[in-house]
Amino acid sequence: MINKKILGLIGLSARARKVLFGSDSVESGIKKNKVKLIIISIEASERTKDKFIKLGKEYNLPVLILGTIEELSKAIGKNNKAIYGFLDENLSNEIQKINNGGEVIG
């Protein structure tokens, strides 16, 4: 089960239009150096996970594997999305901090 605070920040990112979703748009954002954090659903295919972990290493980006496709998709108000690229550095840092056991600011 994914942390509710992380889901809240994912939803906030989506409302602020600071998140890319879907394999093609995330890959494009990574190659344009716009993405600051990659989140992959635990249910994504092994091929997808391998591809984006490799891209994350190549472009020196943090990669988190967490949450089901349903949980993540619901947070952004879409259906069946397994890969996300976050464009806002502050939101990306906050998501990583919470994932690593830290607390949200405020």
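Applying a threshold of 7 Å to beta carbon distances and a minimum spacing of six or more residues, or different chains, the list of pairs starting in region 20-44 at a residue that is under 22 Å from Ile6 (Cα atoms) and of a type in the set (S, T, N, Q) and ending at one that is surrounded by fewer than 20 Cβ atoms within 10 Å (Cβ to Cβ) and at pLDDT below 95 reads Ser23/Thr48; Ser41/Thr68; Ser41/Ile69.
On the stretch given as region 2-19, residues that are touching a residue at least 40 places away in the same chain (Cβ under 8 Å) and assigned to a loop (DSSP other than H, G, I, E, B) total 4. May I ask you to verify whether Ile76 is of a type in the set (Val, Ile, Thr) and farther than 12 Å from Lys18 by Cβ? So Ile76 does not fit the description; no. Applying the set (1) part of a helix (DSSP H, G or I); (2) under 11 Å from the mean Cα position of the chain (by Cα); (3) basic (Lys, Arg) to Lys81 leaves exactly one unmet item: (1). Just one of the listed residues (Asn99, Asn90) is exposed (fewer than 13 other Cβ atoms within 10 Å of the Cβ), among the polar types (S, T, N, Q) and on the phi < 0 side of the Ramachandran plot, namely Asn90.
The values are calculated or read from the model by the stated rules, or taken from the named source; none is laboratory data. What you are looking at is a predicted structure, and each value in this text was computed from that prediction instead of being measured. Don't worry about glycine lacking a Cβ; one is built from the backbone with ideal geometry, like all the others, and counts go over all protein chains shown.
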